[in-house]
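The values are calculated or read from the model by the stated rules, or taken from the named source; none is laboratory data. The shown structure was predicted, so the numbers you read here are calculated from the model rather than taken from an experiment. Here Cβ is always computed from backbone atoms with ideal geometry, including for glycine, and neighbour counts include all displayed protein chains. We work out accessible area using only protein heavy atoms, side chains counted, and drop any ligands, DNA or RNA first. Shrake-Rupley method; radii C 1.70, N 1.55, O 1.52, S 1.80 Å.
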Amino acid sequence: MREGLHKIVSSDETIAAISTPLGRSGIGVVRMSGRDAAAITSRLFKSNSPNSVLEHRKAQVGAWMEFTGEEIDEVVVTLFRGPESYTGEDVVEISGHGNPFILSELSRASNRGCPHCRPGELRCGLWRTARWT
């Protein structure tokens, strides 16, 4: 972990949260950060590419799924491996359609494997506000 981040990061748990402002937009981002981010992604992301192995800083297009196997949205997923990420830990960016409902579903599915950020918590560039609790 980079110097100074230990003051922001409260634990070793993996968290996920919507990272774009509330409202309609073409694209929205959900970020997941922590040691289990890549493992959770491998369970929920189905790549359109025959090479479905996530590589550091290589974007892949595919479907983000529920644990039930139902597709939520077509997304672009990028893995940033720690310590070469903003946080120093593994970070997955999930870029999906910007509809607030879809982003909420992407975040909710991601958080079945990890908890949401708590209201007001800032960690790894992930913001969680009281509106999304």
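In region 11-33, the qualifying residues are those that are open to solvent by 70 Å² or more (accessible area, probe 1.4 Å) and over 21 Å from Glu89 (Cβ atoms), and the one that is modelled with the highest pLDDT is Ile27.
Checking each residue in region 79-99 for being surrounded by fewer than 18 Cβ atoms within 10 Å (Cβ to Cβ) and polar (S, T, N, Q) picks out only Asn99.
From the list Gly69, Gly88, Gly62, Gly98, the one residue that fits, being out of contact with any strand residue (DSSP E or B) (no Cβ under 9 Å at 6 or more places or on another chain), farther than 17 Å from Arg35 by Cα and either small (Gly, Ala, Ser) or at pLDDT below 95 (or both), is Gly69. Residues that are on the phi > 0 side of the Ramachandran plot and exposed (fewer than 14 other Cβ atoms within 10 Å of the Cβ) within region 34-60 comprise just one, Arg57.
Of all residues in region 61-71, those satisfying the criterion of being open to solvent by 20 Å² or more (accessible area, probe 1.4 Å) and either touching a residue at least 60 places away in the same chain (Cβ under 8 Å) or in a strand (DSSP E or B) (or both) are Val61, Met65, Glu71. Inside region 42-84, residues that are more than 17 Å from Ile27 (Cβ to Cβ) and touching a Ser or Thr at 6+ places or on another chain (Cβ under 8 Å) make up a count of 6.
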